[in-house]
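Student: I am attaching a structure below and will ask some questions about it afterwards.
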Amino acid sequence: MWDDGVLKATVDCLVEMSDGGAAMEFAIGTGRVAVPLAARGVPVTGIELSADMLAVLRSKPEASVIKAVEGDMAVTFVEGEFSLVYLVFNTISNLTTQDEQVACFENAARHLRSGGRFVIELNVPNLRQLPPGSPGVPFALTEDYIGIDDFIDRTHKQISRSRHFNRLPDGSFSEFTAPFRYVWPAELDLMARIAGMTLEHRWAWWDRSPFTGESRSHVSVWRLPEA
């Protein structure tokens, strides 16, 4: 999914959304987005929970201009003035409670200057694809790999598991499972309102194609009011 074309479209959009100011990336990881964004002249700071990912980021010579700190994107605060906070590739769903997701929006707002923007890229929950009586939807199927979204709570907690089965040399499969909290665009808009932001744009993808009832993902932009 993250080929060169996707990455370029992502960075192009973020450059414009930064409006000439500095950017903060929540869950900066190994710098997949931050490094090319910094190369375009946008000062980038990041927060990352994984020390291992931060070590990879810091090992990259081209990341020497990026300030990255270890911490939780829902609560960690870094001094500075930012015109953009962004969170890509469904990572808001790694926060598995509504309270944590609301805190993430509030933390984004704390980092933003007046008029600043918070950008999230996220899948639209695909509950419409659930077969009757089944909790799961396969999203990948090959001879050596099976991926399933398993919606284990479809009420107030909105918890899903991303299940990944990889074939081993002996023909058996290993399983890796990660929990997520799926969230609808309208709920995100309410979280933004709690944090003092309002929706400015919602697109189906980074190319700014229209968001419709059939869109499988969205890029949403919320903005603080000008002082």
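Student: Hey, among S59, S50, S18, which residue is of a type in the set (S, T, Y), farther than 26 Å from V102 by Cα and assigned by TED's automatic domain parsing to the domain that holds L112?
Tutor: Just a single option satisfies the conditions, and that option is S59.
Student: Sort out which residues of the range 81-134 are closer than 19 Å to K157 by Cα, modelled with pLDDT of 95 or more and among the charged types (D, E, K, R), and write them in order of number.
Tutor: Correct list: D99, E100.
Student: Please specify each residue of the range 70-80 satisfying the condition of being in contact with a Ser or Thr (Cβ under 7 Å, 6 or more places away or on another chain) and closer than 23 Å to N90 by Cα.
Tutor: Passing the criteria: only V78.
Student: Of the residues V137, V78, which is within 26 Å of S162 (Cα to Cα) and hydrophobic (A, V, I, L, M, F, W, C)?
Tutor: Checking each option against the conditions leaves just V137.
Student: Yes or no: the range 59-71 includes at least one residue that is over 17 Å from V35 (Cβ atoms) and polar (S, T, N, Q).
Tutor: no
Student: While we're on this one: Can you tell me which residue within the range 173-224, out of those that are over 18 Å from D149 (Cβ atoms) and β-branched (V, I, T), is nearest to the chain's Cα centre (by Cα)?
Tutor: Here the answer is V219.
Student: Okay, next question. So, G29, is that one at pLDDT 95 or above, under 27 Å from Y182 (Cα atoms), not charged (D, E, K, R) and not in a helix (DSSP H, G or I) or not?
Tutor: yes
Student: Still on this structure: Quick one: which residue in L122, L168, L188, L224 is in contact with a Ser or Thr (Cβ under 7 Å, 6 or more places away or on another chain), of a type outside the set (S, T, N, Q) and more than 24 Å from Q98 (Cβ to Cβ)?
Tutor: L168
Student: Same structure again: Can you name the residue in the range 179-202 that is of a type in the set (A, V, I, L, M, F, W, C) and surrounded by fewer than 18 Cβ atoms within 10 Å (Cβ to Cβ) and is also nearest to L127 (Cα to Cα) among such residues?
Tutor: W184
Student: Now for a separate question. Within the range 64-130, considering only strands (runs of 3 or more DSSP E) that don't extend past its boundaries, which have at least 3 residues that are surrounded by 15 or more Cβ atoms within 10 Å (Cβ to Cβ)?
Tutor: Per the criteria, 82-87, 112-123.
Student: Another question about this same structure. Could you please tell me which pairs satisfy a Cβ distance under 9 Å, a separation of 6+ or placement on different chains, a first residue in the range 4-23 that is under 15 Å from L87 (Cα atoms) and of a type outside the set (A, V, I, L, M), and a second residue that is at pLDDT 95 or above and in a helix (DSSP H, G or I)?
Tutor: T10/P36; T10/L37; S18/L37
Student: Condition check: at pLDDT 95 or above and surrounded by fewer than 21 Cβ atoms within 10 Å (Cβ to Cβ). Does A23 satisfy that?
Tutor: Considered against the rule, which asks whether it is at pLDDT 95 or above and surrounded by fewer than 21 Cβ atoms within 10 Å (Cβ to Cβ), A23 comes out as no.
The values are calculated or read from the model by the stated rules, or taken from the named source; none is laboratory data. Predicted, not measured: the structure shown is a model, and the values here were computed from it. Neighbour counts are summed over all protein chains in view; Cβ atoms, including those assigned to glycine, are modelled from backbone coordinates with ideal geometry.
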